[in-house]
Amino acid sequence: MNTSALISLDRIVDGGFAVAGADLDGDIEPLVLYRDGDDVRAWINVCPHAGRQLDWAPGQFLKSKDGLLVCAAHGATFELQGGECVGGPCRGESLRAVEVEVRDGAVWLKPGS
Ligand code: FES
């Protein structure tokens, strides 16, 4: 049971990213969080290409002009609805989504995640 928030919503710029650690089945996994207005989506911060984290410095992510998340390691690009790689070395693969919800001004793992 996860009883603490991952991050407060106001720590994520609208249209921007943040990182958080999430307890998933007893393992702390690194997450990349993307804010889209009042909605937040989250994925494990591990690129399906070579398993690197996508940020170039802790919590610092690249976003292309056309709104794609860019892996800092080798430039794979991911759309920000489903986390699918739409360009680069792992095209067609996807980031691993983690279910989160926004509640009381913070981002939480969805119960049962
Ligand atoms: S590890 Fe992300 S593109 Fe290679």
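The values are calculated or read from the model by the stated rules, or taken from the named source; none is laboratory data. The model shown is predicted, which means the values in this text are computed figures rather than measured ones. Glycine also receives a Cβ, built like all others from the backbone with ideal geometry; neighbour counts cover every protein chain displayed.
Odds and ends about this structure:
- Contact annotation: residue pairs with Cβ atoms under 9 Å, 6 or more positions apart or on different chains, pairing a residue in region 73-87 that is farther than 16 Å from residue 53 by Cα with a partner that is part of a loop (DSSP other than H, G, I, E, B) and within 9 Å of the ligand (Cβ to nearest atom), are 86/76; 87/75; 87/76.
- Restricting region 26-60 to residues that are touching a residue at least 40 places away in the same chain (Cβ under 8 Å) and of a type in the set (Asp, Glu), the residue that is surrounded by the fewest Cβ atoms within 10 Å (Cβ to Cβ): 38
- The residues of region 16-25 that are under 12 Å from the mean Cα position of the chain (by Cα) and either loosely packed, with under 15 Cβ neighbours inside 10 Å or closer than 19 Å to residue 63 by Cα (or both), listed by number, are 16, 17, 18, 19, 20, 21.
- Scanning region 25-51 for residues being more than 16 Å from the ligand (Cβ to nearest atom) and in a loop (DSSP other than H, G, I, E, B) gives a total of 4.
- Applying the condition of being aliphatic (A, V, I, L, M) and touching a Gly at 6+ places or on another chain (Cβ under 9 Å) to region 80-99 and asking which residue is nearest to the ligand (Cβ to nearest atom) yields 95.
- Being in a strand (DSSP E or B), over 17 Å from residue 110 (Cβ atoms) and among the β-branched types (Val, Ile, Thr) is a condition met by at least one residue of region 62-70.
- Residues of region 78-105 satisfying the condition of being among the hydrophobic types (A, V, I, L, M, F, W, C), assigned to a strand (DSSP E or B) and either over 13 Å from the mean Cα position of the chain (by Cα) or within 21 Å of residue 62 (Cβ to Cβ) (or both): 78, 85, 86, 97, 98, 102
- Verdict on residue 98 being touching a helix residue (DSSP H, G or I) at 6+ places or on another chain (Cβ under 7 Å) and either touching a residue at least 40 places away in the same chain (Cβ under 8 Å) or farther than 21 Å from residue 15 by Cβ (or both): no
- First in region 1-22 and farther than 14 Å from residue 41 by Cβ, second anywhere and modelled with pLDDT of 95 or more and not hydrophobic (A, V, I, L, M, F, W, C), Cβ under 9 Å, 6 or more apart: 5/103; 5/104; 5/105; 8/105; 10/105; 13/35; 21/29; 21/30
- Residues of region 62-79 that turn out to be away from the ligand (no atom under 12 Å from the Cβ) and either crowded, with 16+ Cβ neighbours inside 10 Å or charged (D, E, K, R) (or both), as a count: 5
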